[in-house]
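Report on the structure given below.
The values are calculated or read from the model by the stated rules, or taken from the named source; none is laboratory data. Here the structure is a predicted model, which is why all the values come from computation and not from measurement. Note that each Cβ is placed from the backbone with ideal geometry, even for glycine, and that neighbours are counted across all protein chains shown. For the accessible areas, the whole protein counts, side chains as well, though only heavy atoms, and no ligand, DNA or RNA atoms are used. Shrake-Rupley method; radii C 1.70, N 1.55, O 1.52, S 1.80 Å.
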Amino acid sequence: MARVSATRTLENALRRVGFAHVAGVDEVGRGCLAGPVVAAAVVLHPDRHVAGVCDSKLVPAAEREQLYDEIICCALSWAVAGADPLEIDRINIHQASLRAMQRAILALAPLPDIVLVDAFRVPDLPMAQRGVAHGDRRCTAIAAASILAKVTRDRQMRELHDRDPRYGFDRHKGYATADHLDAVARYGYSEVHRRSFRPSARFDTIE
């Protein structure tokens, strides 16, 4: 997929009609077999542009780290939150993702006037929200949130690797790569694996 920088068209339009603080929110880690789902919310400064912000999946890791630093320095406010594997197993990944996004949004200070969400509607918010299809590719605030969430989660997965290097979390970040599946077949699930995620019948006997 070609890399195209997100734009501020939607945020600027909302500011023109009176929404002073426009937040973007996004999450990462929905499809992983291990680790948390992490969400970030960010209100970008209207006069401090960060060049190169786009969907985190399209940005090389080293550049994501650099953009992370630039975003948190230039943003009016930002926050990250998550849901751990136990919560994911208890309430399902979709609900856990929504809760993580809600927590990130409500941690912003001050609270935003409106929230732009990548596709989903976040429940129980005290402010307006708007879903944006493919928002992490189209909307700078959502793209910035995706970068903050991705960098935060990748750092957490590297920490989990340091604690238990058997699974290679530093390489695949908990996604179902061939080497991750081989490690699960060999060692079984660890305490940070999501028990409700069963990638293949070959693991039906794993405890």
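Restricted to segment 41-54, and to residues that are in contact with a Ser or Thr (Cβ under 7 Å, 6 or more places away or on another chain) and at negative phi, which residue is surrounded by the fewest Cβ atoms within 10 Å (Cβ to Cβ)? The selected residue is Cys54. Lys57 meets the conditions (1) surrounded by fewer than 19 Cβ atoms within 10 Å (Cβ to Cβ); (2) more than 14 Å from Ala149 (Cβ to Cβ) in every case but one. The failed one is (2).
If a residue must be of a type in the set (Asp, Glu) and either in contact with a Lys or Arg (Cβ under 9 Å, 6 or more places away or on another chain) or at positive phi (or both), how many such residues does segment 131-188 contain? The number of residues fulfilling the criteria is 4.
May I ask you to list the residues in segment 85-110 that are part of a loop (DSSP other than H, G, I, E, B), in contact (Cβ under 8 Å) with a residue 60 or more places away in the chain and touching a strand residue (DSSP E or B) at 6+ places or on another chain (Cβ under 9 Å)? Break it down stepwise before answering.
Of all residues in segment 85-110, those part of a loop (DSSP other than H, G, I, E, B) come to 92, 107-110.
From what is left, the residues that are in contact (Cβ under 8 Å) with a residue 60 or more places away in the chain are 92, 107-108, 110.
Correct list: Ala107, Leu108, Pro110.
Checked against (1) in a strand (DSSP E or B); (2) touching a Phe, Trp or Tyr at 6+ places or on another chain (Cβ under 8 Å), Gln129 meets all criteria but (2).
The residue list Gly82, Gly29, Gly18, Gly35 contains one member that is open to solvent by 10 Å² or more (accessible area, probe 1.4 Å), on the phi > 0 side of the Ramachandran plot and at pLDDT 95 or above, which is Gly18.
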